[in-house]
Structures are given as structure tokens and as C-alpha cells.
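The values are calculated or read from the model by the stated rules, or taken from the named source; none is laboratory data. Because the structure is a prediction, the values reported are computed rather than measured. Here Cβ is always computed from backbone atoms with ideal geometry, including for glycine, and neighbour counts include all displayed protein chains.
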Amino acid sequence: MKSLVILAAAEGEEHNPLVPLWEEVAIALVVFGILFFAIKKFVAPNFEKTFVERSQAIEGGIAAAATKQAEADAKLAELEKQLADARHEAARIREEAREQGAAIVAELREQAQAESARIVEHGKAQIEAERQQAVTSLRAEVGTLATGLAGRIVGESLDDDARQARVIERFLAELETADAADAGKDA
Amino acid sequence: MTIAASATIAAEGGEGFHAPGPSIFDLPPVFEIGSLGVTKPMLQLVLAAGLVFTFLYLAAKQRSLVPGKLQFAGEGAYGFVRNSVARDIIGSHDFQKFVPYLVTLFFFILVNNIFASIPFIQFPTFSRAGMAYALAGLSWLVYNGVGMKKHGVLGYLKLQSVPSGVSPAMYPLLVPLEFFSNILVRPVTLALRLFCNMFAGHILLVLFATGGLYLIEHVGGIGYVAGPLAWVLAILVSFLEILVQFLQAYVFVLLNAMYIQGALADEH
């Protein structure tokens with residue numbers, strides 16, 4: 001305390017604190033000026049460049065993400081379209097197959113019917129032929145038997161062919177009319 | 001309470017308590033270069049400039065897109081002035097070229113103010129009026145220069161002096177007033193606001209510290225209670241002072257930005 005008081009006293013007049021010392025004004029300006037130019041030259045550009053680069057990096061990232069998103073959307077749309085096409089194609093093929101199947105079945109059925117008709121026809125023809133054959137052979141046999149029998153009964157030879165044939169014809173005709181009359185009665 | 005006690009003691013006379021006055025700011029030169037005595041606040045100016053530049057330079061140099069701790073701190077500091085002072089007030093069109101000036105101004109004043117609370121330095125540089133005058137004068141040159149460059153000398157004086165939207169009948173009254181407040185008073189208030197805050201804060205701290213010591217050494221009795229109490233108050237006032245130191249640096253830069261914005265504006 002004492003030393004302070006003594007110091008102030010020794011300096012004599014009190015310096016008014018509002019009155020500037022010009023060397024202080026000058027040194028403040030010089031130091032501030034140097035600091036200002038140093039910051040303007042070495043600090044601010046670096047910071048500003050960093051800010052710009054950073055915002056560019058962020059914007060670039062966002063743009064890249066947007067492009068990727070668009071690509072993915074396009075690809076998805078394409079795949080969906082392909083899938084729809086495939087479904088459509090599958091439906092078409094199925095339809096076609098069904099039609100073809102139906103056609104095949106119909107054709108086969110037709111063939112089978114034709115075949116069966118043919119078989120039936122063939123059978124009928126064969127039966128008819130066999131019947132004709134049977135009738136012919138029966139007629140011959142019955143004729144021979146009847147003439148033999150009549151010859152024995154009558155004692156008259158009927159070996160003469162012409163007469164024999166006439167007799168048989170007559171006999172058979174009678175037989176047939178009798179058959180027909182029987183059939184009409186039965187019916 | 002402490003003030004009252006010391007006042008009574010001083011009145012009772014004897015050797016008495018010499019309250020700290022303006023003389024505590026007149027420091028003897030640390031060394032001399034020629035006829036110039038280099039004082040502590042002058043060295044503080046240089047030290048502050050060195051610290052500010054070193055910090056910002058090292059932080060800015062890395063230029064990494066994903067910042068490390070130092071770069072992050074530097075970007076936060078630089079970005080605070082750049083975005084919330086320069087860009088928000090001057091506007092995104094013109095602010096860029098004022099950023100280095102405002103950044104320099106803010107951190108230069110801030111570090112010099114905070115020196116008042118750094119142990120072993122404990123002296124606010126801008127409690128020397130001349131240094132505050134220097135920065136205020138520079139601010140005055142900058143905002144007037146910017147305005148005159150944009151609007152021309154007469155156009156700028158008209159912009160600053162003639163309020164728009166007022167009937168011309170009021171001009172004789174308003175024009176001198178506007179000129180006075182916008183051109184003449186601004187640098188004075190800028191300088192005095194900074195200077196007086198630093199000056200008063202430092203005196204207050206010295207008063208509490210030396211007063212407490214005096215109470216303990218020379219009063220005895222109640223002095224053993226009042227002295228430590230004064231020191232507790234000194235600590236609390238120190239925290240208040242840290243806030244004031246930041247605020248004064250912020251206000252100085254904020255007003256600079258507003259003055260520049262006003263000078264660039266198209267209408268008053």
C-alpha cells in the first residue's frame with residue numbers, strides 16, 4: 001500500500017485517464033492492423049474454403065444419393081414391368097395349352113369314334129358274310145338231305161339234277177314264306 | 001458494508017486507507033526502446049494478437065472436412081462471428097468481405113479483455129483509453145468509408161442524416177440530430193463503453209482486494225470478518241467481470257456490424 005501511494009506521489013500530477021497517450025493509439029492500430037492482415041490472408045480463406053468444400057461434399061452426397069435413388073426406382077419399375085409381362089405371357093401360354101389340349105381331346109375322341117364305327121361296320125359285314133355263307137351251305141345241305149329223304153320215301157330217283165334243283169327251290173320258297181308268316185304272327 | 005467500514009476508517013484518519021484511483025492504471029515502462037517506454041498493456045496487445053493468430057491459424061490450416069478438436073473449436077469461434085454477427089446483421093449479400101475485420105476485432109478485444117482475469121496478467125488492455133480510442137476511430141473510418149464508397153460522399157451523408165418517411169418540415173430539427181448521432185457520437189460511445197467497463201471493473205476488483213487486505217491488517221476485530229468477505233465479493237465480481245469482458249467484445253463487434261449495415265443500406 002505504502003509503496004503505491006509513494007509512487008503516485010512521486011509521479012506528481014495525476015494523469016487524466018480519458019486523455020490518450022498517442023503512442024498507445026499508434027501501437028494499438030499497428031498491432032490490430034497486422035493481426036487483421038494476417039487473419040485476412042492466412043485464416044479466413046482457409047476457413048471459407050473448408051466451409052465451401054464441406055457444403056459441396058454434403059450437396060454432392062445428397063445429389064449422388066438422389067441419382068442412386070432414381071436409378072433404383074427405374075430398375076424397380078423395369079423389373080415390375082418384366083414381371084407383369086412374364087405373368088401375361090404365362091397366362092397366354094396356359095390359355096393356349098388349354099385350347100390345344102381341348103383340341104387334342106376332341107380330335108382323339110373323333111378318331112376313336114371313327115375307329116369304333118369302323119370296327120362295328122367291319123363286324124357287321126363279317127357277320128353278314130358269315131350268315132350268307134351259312135345260309136348257302138345250309139341250303140345246299142338241306143336240299144341234299146331233303147332230296148335224299150324224299151327219294152327214299154318216294155322211291156323215285158331224284159338224282160336228276162334239274163328236277164332236283166326245282167324241287168329244292170320250291171321247297172325253300174315255301175319254307176321262307178312260312179317263316180315270314182311265322183315272323184308276322186310273332187310280331 | 002465493506003465500503004461503509006472503510007469509509008469510516010478513512011474518516012477517522014491516521015494513516016488511513018487510500019482507495020485505488022486512476023493512478024493504478026499508469027504503469028511504469030517495462031523496458032524502453034529509444035524514447036518509447038514499452039508498458040505492460042502494449043505487450044498485452046502484442047501477446048493477444050499472437051494468441052489469436054496462432055489459434056485461428058492452426059485451426060484453419062487443417063482444412064479437414066471432418067474437423068478435429070482444434071479445427072472444430074476454431075470453426076466454432078470463427079463461425080460465431082461470421083454467421084451470427086456478420087451474416088445475420090450485414091446480410092448474406094455483402095457480409096463476406098467484412099468477416100476478417102469483424103473476426104479480428106472480436107477476438108482481439110475479447111482476449112485483451114480477458115487478460116484482466118488471467119492470473120499474473122490481471123490488467124485489462126482497454127482500460128488504457130488510447131487503445132480503445134484507436135479501435136473506435138478505426139471503426140468510424142471503416143463504416144463511414146464503406147458508406148461513402150457505396151453512395152458517394154453526399155449520398156452517404158444524406159443517407160445518414162436525412163430520415164426517410166418524415167415530413168420535410170421536420171428536417172431542420174432532425175437532420176442535425178441524425179448527423180450528430182450517426183456520425184459524431186458513435187465512435188465516442190464505442191470507445192467510452194469499452195474503456196469505462198474495463199476501467200471500472202478493474203478498479204472495483206482492486207478496491208475489493210486491497211480493501212480486504214487493509215481491513216485484515218489494520219482494523220482488527222470486525223475487520224477479520226469484513227476482510228475475507230471483501231475477498232469473497234472480489235471473487236464474485238471477477239466472475240461478473242468475465243461476463244462483462246465477453247459482452248463488451250461482443251457489443252463492440254455487433255455495433256460495428258450494425259453501423260456497416262446501416263452504411264450499406266439503401267434507405268435510412
Inset, instruction - Filter the range B:33-72 down to residues that are facing chain A (nearest Cβ under 7 Å) and aromatic (Phe, Trp, Tyr), then give me how many there are. - result: 2
Inset, instruction - Kindly indicate whether any position in the range B:104-124 is under 15 Å from B:LEU264 (Cβ atoms), touching a residue at least 24 places away in the same chain (Cβ under 8 Å) and either part of a helix (DSSP H, G or I) or away from chain A (no Cβ under 11 Å) (or both). - result: no
Inset, instruction - Select, from B:ALA73, B:ALA60, B:ALA19, B:ALA49, the only residue that is at negative phi, at pLDDT 90 or above and in contact with a Leu (Cβ under 7 Å, 6 or more places away or on another chain). - result: B:ALA49
Inset, instruction - Of the conditions (1) under 19 Å from the mean Cα position of the chain (by Cα); (2) at pLDDT below 95, B:LEU110 clears all except one; give me its number. - result: (2)
Inset, instruction - Could you please tell me which pairs satisfy a Cβ distance under 8 Å, a separation of 6+ or placement on different chains, a first residue in the range B:142-167 that is over 14 Å from B:LYS97 (Cα atoms), and a second residue that is of a type in the set (D, E, K, R)? - result: B:HIS151/B:LYS158; B:TYR156/B:LYS150; B:LEU159/B:GLU267; B:GLN160/B:GLU178; B:SER161/B:GLU178; B:VAL162/B:GLU178; B:PRO163/B:GLU178; B:SER164/B:GLU267
Inset, instruction - With the checklist (1) farther than 25 Å from B:PRO119 by Cα; (2) at pLDDT below 90 in hand, flag the one item B:GLU217 doesn't pass. - result: (1)
Legend entry - Exclusive hit being away from chain A (no Cβ under 14 Å) and either modelled with pLDDT under 90 or buried (at least 19 other Cβ atoms within 10 Å of the Cβ) (or both), set B:SER161, B:SER238, B:SER181: B:SER161
Legend entry - Filter pass, B:VAL175 being surrounded by 13 or more Cβ atoms within 10 Å (Cβ to Cβ) and out of contact with any Lys or Arg (no Cβ under 8 Å at 6 or more places or on another chain): yes
